[in-house]
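The structure under discussion appears below in the form of structure tokens.
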């Protein structure tokens, strides 16, 4: 079955307001509401923001409106109100892991990489994790097994489990299917 072409929008019609899509495993495409964006200035100082409607990022150098980033591609360079330039990128997994809220100690990216390699964690694998802590390793495991795999995590402390759940959902934009 072929798709029928959609009629063009009326020239006077307003575009619907952009809304936060459920991006899940897809961390590509233009920036959208709810996305985390890492801003790098000329001295390579990093600032991580979450895009909000009407949101603003303030520094002593000026103000950058979130609307300048919504719909822009990863890697775009934008200027704040005083001409300071920032490159906007999606945060790397390692950046997210090091800055995420913590309820317990985390497994750092270099250690997660070793665990994934020596544990032979691959797309479609089934993994049992004992103790989720803040969810850093859980996120790495979920990325590795993909939507076809399974990660079963056991945590005795409900407060740690809740922090981990929120961190995983924040990273993926929704609950991970595994």
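The values are calculated or read from the model by the stated rules, or taken from the named source; none is laboratory data. Keep in mind that this is a model prediction, so the values were computed, not measured. Reconstructed Cβ throughout: ideal geometry from the backbone, glycine too, with neighbour counts over all protein chains shown.
Computed quantities for the displayed model
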quantity: Selection within region 118-149 - in a loop (DSSP other than H, G, I, E, B) and more than 12 Å from residue 178 (Cα to Cα); calculated: 119, 120, 121, 122, 131, 132, 133, 134, 135
quantity: Within region 52-64, considering residues that are in contact with a strand residue (DSSP E or B) (Cβ under 6 Å, 6 or more places away or on another chain) and surrounded by 13 or more Cβ atoms within 10 Å (Cβ to Cβ), the one nearest to residue 100 (Cα to Cα); calculated: 57
quantity: Condition met for residue 115 (part of a loop (DSSP other than H, G, I, E, B), at pLDDT 95 or above and either surrounded by 18 or more Cβ atoms within 10 Å (Cβ to Cβ) or in contact with a helix residue (DSSP H, G or I) (Cβ under 8 Å, 6 or more places away or on another chain) (or both)); calculated: no
quantity: Cross-chain or 6+ apart pairs with Cβ under 9 Å, region 75-86 first and within 13 Å of residue 44 (Cα to Cα), then part of a loop (DSSP other than H, G, I, E, B); calculated: 84/41; 84/42; 84/61; 85/41; 85/42; 86/41; 86/42; 86/80
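One line per residue, one yes/no per condition, for (1) in contact with a strand residue (DSSP E or B) (Cβ under 9 Å, 6 or more places away or on another chain); (2) in a strand (DSSP E or B); (3) more than 27 Å from residue 167 (Cβ to Cβ); (4) modelled with pLDDT under 95:
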residue: 4; (1), (2), (3), (4): no, no, yes, yes
residue: 11; (1), (2), (3), (4): no, no, yes, yes
residue: 15; (1), (2), (3), (4): no, no, yes, yes
residue: 22; (1), (2), (3), (4): no, no, no, yes
residue: 27; (1), (2), (3), (4): no, no, no, yes
residue: 32; (1), (2), (3), (4): no, no, no, yes
residue: 44; (1), (2), (3), (4): no, no, no, yes
residue: 72; (1), (2), (3), (4): yes, no, no, no
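Listed here are the residues, each with its yes/no results for (1) part of a strand (DSSP E or B); (2) free of Cβ contacts under 8 Å to residues at least 40 places away in the same chain; (3) farther than 30 Å from residue 162 by Cα.
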{"position": "49", "(1), (2), (3)": "yes, yes, no"}
{"position": "58", "(1), (2), (3)": "yes, yes, yes"}
{"position": "63", "(1), (2), (3)": "yes, yes, yes"}
{"position": "95", "(1), (2), (3)": "no, no, no"}
